[in-house]
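Here the structure comes first, spelled out in structure tokens, and everything after it is commentary.
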Amino acid sequence: MDRARQHEAVRMTKDEEDLLVIGPHAFRSRLFLGTGKYPSVDVQRKAIEASGAEVITFAVRRIDLERNDGSRGASGVLEGVDLSRHHLLPNTAGAKTAEEAMRLARLAKASGLSSMIKVEIIGDERTLLPDPVETLKATEALVQEGFIVLAYTSDDPILAKRLEAAGAHAVMPGAAPIGSGLGILNPYAIRLIVESVRVPVIVDAGLGAPSDVALALELGADAVLLNTAVAEAGDPVRMAEAMRHATIAGRMARLAGRMPKRAHASASSPAEGMLA
């Protein structure tokens, strides 16, 4: 059994159900969905429903944590989100240092939103690429404080291993720059990350089409996180449903095992036993 299949075996539960396990949490859906950029609250609500996503992510900075009327924010970020059916994943978008990210994570936890946090620390305003040093620093500190940390990172396999060693419960390599829709620019790097770590790998940022999502799962990623690809589609609700099917298809293909690639043709009907 090669290393990729060994890691796949670790990820598979003994249950008949193929669950995604992150820390103490188990999810059926392998599609995480963001809450930004939708044309309306109603479209966002319908897209979430169509996607089948169980985990909904949002920026802590966009939530009014001072409100006490149960709405958790005046901006509409969580309006239409059924909190009894969806698990919230606050993220630290907007943070530029480990200290800022840690402060946002603590605010989210203290406000009762979630102890599961996506650590996102941007190191460059033009490319919106993550800062590896600050991300590693924040991950290590938050894990020690009892957070379930999902670390947004570049597609660097060495950094993914360092984040795992720091205690990250999942690593989230970007497929391409945030919001670009360019798809998976370096499939080889994603495959290396899958082979290198034992924690879940969630491909995040840059996916634009259902084919990108299917490829991510076929490469061995455990899940994907989408926002712009759905929210900026011509029909976000229909695209959300397409992404749902692509996630399922990609995962099934990975577990089934694709045929090997060959340099030459191979007849689909064997010559043995054929009449002359």
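The dipole here belongs to the chain: it is taken about the Cα centre, uses +1 on the Cβ of Lys and Arg and -1 on the Cβ of Asp and Glu, and is about 280 debye.
If R0 equals 51 Å, the separation of the Cβ atoms of residue 127 and residue 17 corresponds to a calculated FRET efficiency of about 0.85. Given a 1.4 Å probe and every protein chain left where it sits, what share in percent of the accessible area of segment 101-260 is carbon and sulfur? Result for segment 101-260: 55 percent of the exposed heavy-atom area is carbon or sulfur. Alpha carbon centre of segment 143-168 versus segment 104-118: separation in Å? First find each Cα centre; the distance between them is then 17 Å. Sorting the segments 257-267, 131-141, 181-191 by their residues' average number of neighbouring beta-carbon atoms within 10 angstrom, most packed first, yields 131-141, 181-191, 257-267. Ligands, DNA and RNA are left out, and with a 1.4 angstrom probe the accessible area of the chain is 49 Å² per residue.
When you restrict to C-alpha pairs under 8 Å that are six or more residues apart and normalise by the size of the chain, the relative contact order lands at 18 percent. For segment 164-237, relative contact order (Cα pairs under 8 Å, six or more residues apart, normalised by length) works out to 32 percent. Each label was represented as a point 7 Å from its Cα along the Cα-to-Cβ direction; for residue 235 and residue 99 these points are 5.0 nm apart. How much of the DSSP bridge set in the chain is antiparallel, in percent, rounded to the nearest 5? Here the share of antiparallel DSSP bridges comes out near 15 percent.
The values are calculated or read from the model by the stated rules, or taken from the named source; none is laboratory data. Bear in mind that the values here come from a model prediction, so they are computed numbers and not experimental data. Positions of Cβ are generated from backbone atoms using ideal geometry, with glycine treated the same way; all protein chains shown enter the neighbour counts. Please note that ligands, DNA and RNA were not included when accessible areas were found on the heavy atoms of the full protein model with its side chains. Shrake-Rupley method; radii C 1.70, N 1.55, O 1.52, S 1.80 Å.
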